[in-house]
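Notes follow once the structure below has been shown.
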Amino acid sequence: MPIVVVTGATGAIGSATVAALAKRRAQVVALSRPSLDLSSMASVRAAARELNRTVGHIDALLNIAAVYSATYRKTREGFELMLATNHLGPFLLTNLLRERLSGGGRVITVTAPSATHVDVDRLLDRDRFGSLHSFGATKAANLLFTFELARRAKRWDVRANAFHPGLVRSDLMRETPRPVRFLTRLISSSPERAAHDLVDLALSPAVAGTTGWFFKGTRRIDPPKSTLDLGEQSRLWTRSADLVELENGF
């Protein structure tokens, strides 16, 4: 029975994914607040310690959780909320679960094809905050992280891919202006469709050896060219590791 760890397990895509995994007879470790608060690196470390203590091999880690904030919000550890939740938290959690993922584990990070430039200093600066810019930058950071992880994790026999669910009906963008929310809901699809595709990527033998790819549904798509810059990938990894005080990661 495959063991799959799911973050954001109570959100629209997360809850649909948990249900779809159960139908596939996977053993699901569903993480959401209060068991895991991705905006808190202390919470991430605590959750990782518990998983490393209680779980054997992790067949797939699905980084689904995300947040959008219309205003600048600082976490207790001094990070902007979206940067912490959407990038730093998943980055740290994935690295702390390295030993459990090694030997064929899959890391799939839910994101979007964002080409927003990732300037960590700007993301930490309240005076330069822009909600859509910051959200877009964290989604681009997910891609940079995935592609760097795919290279680093080969020695541990771990695969890393990114997944774009398309527009999905959820409460993620509830702080955007009402006309935007209305239009988005009109053209969005159900979370069940995205969950079905995500579970296929997590469990299907057909993609067991795939790494460093960006999927929409179960089809490979091209990421923004800016996210393929090896220097940007490496620099973001190093800066992220410094921020979260990661010593032994991938």
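The values are calculated or read from the model by the stated rules, or taken from the named source; none is laboratory data. Model, not experiment: these values are computed from the prediction. Reconstructed Cβ throughout: ideal geometry from the backbone, glycine too, with neighbour counts over all protein chains shown. Please note that ligands, DNA and RNA were not included when accessible areas were found on the heavy atoms of the full protein model with its side chains. Shrake-Rupley method; radii C 1.70, N 1.55, O 1.52, S 1.80 Å.
Between residue 54 and residue 156, the distance separating the two model label sites (each 7 Å from Cα on the Cα→Cβ line) works out to 2.1 nm.
Along the range 39-54 the Karplus relation, 6.51 cos²θ - 1.76 cosθ + 1.60 evaluated at θ = phi - 60°, assigns HN-Hα couplings of 7, 10, 5, 5, 5, 4, 5, 5, 5, 5, 4, 5, 5, 5, 7, 10 Hz to successive residues, with x for each Gly and Pro.
Counting only protein heavy atoms and a 1.4 Å probe, the range 78-154 has 30 square angstrom of accessible area per residue.
Computed in the context of the full set of protein chains, the accessible area of the chain at 1.4 Å probe radius has 51% of its extent on carbon or sulfur. Longest segment of the chain with no GluC sites (Glu not before Pro) in a DSSP loop having at most 11 other Cβ atoms within 10 Å? Maximal segment without exposed cleavage sites: 1-244. Using R0 = 22 Å, the C-beta based FRET efficiency linking residue 69 and residue 190 works out to 0.30.
Can you tally the net charge around residue 154? Count Lys and Arg as +1, Asp and Glu as -1, for every other residue whose Cβ sits under 14 Å from the Cβ of residue 154. Once positives and negatives cancel, what remains is +4. Per-residue ellipticity at 222 nm computed for the chain from its helices equals -12500 deg cm²/dmol, with DSSP H segments shorter than 4 residues left out and the rest contributing -39,500 (n - 2.57). For the residue pairs 154/225; 74/225; 74/139; 139/225, the C-alpha atoms sit more than 25 angstrom apart in 74/225.
Ligands, DNA and RNA aside, residue 121 has an accessible area near 80 Å² when probed at 1.4 Å.
Which entry is the computed Cα extents along the principal axes in Å for this structure: (1) 74, 48, 36; (2) 47, 43, 36; (3) 52, 39, 37? It is the value labelled (2). When both bridge partners sit in the range 1-151, DSSP labels roughly 10% of those beta bridges antiparallel. For residue 32, the amide hydrogen comes within under 5 Å of the amide hydrogens of 9, counting only partners 5 or more places away or on other chains and with H modelled in the peptide plane. Between residue 27 and residue 76, the distance separating the two model label sites (each 7 Å from Cα on the Cα→Cβ line) works out to 3.1 nm.
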